[in-house]
Amino acid sequence: QVQLVESGGGLVQAGGSLRLSCAASRITFSIYAFGWYRQAPGKQRDMVAAITSGGNTTYADSVKGRFTISRDNVKNTVLLQMSNLKPEDTAVYYCSAQALAGTHWGQGTQVTVSS
C-alpha cells in the first residue's frame, strides 16, 4: 500500500519560511506526478503546487514567487519550500501522488502563520 508521510509543518510568523517534506514509500516514485494541496477550516481543498514525473511545475497564483516544489527521485521525496508566508497560507497541507493507477494522499501537516 502506497504511503505518503508529510512533515515540516508548524507555527511561523508572517514573512517567515517553512519547508514541507513528503516521503513516499511502496511506490514506483519516478512515474508519479505529485502535488501539494491545502485546506483551511470551512474551505475546500485546493492545489498549491504540482510537479510532473518529468519535473514540470505548476503553482496556484496565490503562491507564485513564494513557494517552490521539487522532487528527489533517489530519496523518494517531494519538497515544498515556502517563503514570505502570509496568514492566509494557514491550512492543513496534503501531499498527493497521482498516476494512471490512482491517486494517493498523505495525512496532512498543519501550517499556521501568525500575523
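The values are calculated or read from the model by the stated rules, or taken from the named source; none is laboratory data. Note that the coordinates shown come from a computational prediction; the quantities given were computed from them, not determined experimentally. Glycine also receives a Cβ, built like all others from the backbone with ideal geometry; neighbour counts cover every protein chain displayed. Each accessible area value is taken on the protein alone, full model and side chains, heavy atoms only, with ligands, DNA and RNA left out. Shrake-Rupley method; radii C 1.70, N 1.55, O 1.52, S 1.80 Å.
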Subtracting the Cα-Cα distance from 0.36 nm times the residue separation, let me have the gained length for residue 40 to residue 74 in nm, one decimal. 9.0 nm
If R0 is 41 Å, what FRET efficiency do you get for residue 99 and residue 13 from their C-beta distance, rounded to 0.05? 0.65
Run the simple label-point estimate for residue 56 and residue 115 please: 7 Å along Cα→C-beta, distance reported in nm. 3.9
Tell me, what HN-Hα J-couplings in whole Hz come from the Karplus equation 6.51 cos²θ - 1.76 cosθ + 1.60 at θ = phi - 60° for each residue of segment 37-50, using x for Gly and Pro? 10, 9, 9, 8, x, x, 10, 7, 7, 10, 6, 9, 7, 9
Identify the residues of segment 74-113 with backbone N under 18 Å of a label point that sits 7 angstrom from the Cα of residue 28 along the Cα-to-Cβ direction, or state none. 74-77, 97-104
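Give me the accessible area per residue for the chain, probe 1.4 Å, as a whole number in Å².
With all protein chains present, the chain gives 53 Å² per residue.
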Karplus (6.51, -1.76, 1.60) ³J(HN,Hα), θ = phi - 60°, over segment 10-20, in Hz, Gly and Pro reported as x: x, 9, 9, 7, 4, x, x, 10, 9, 10, 8
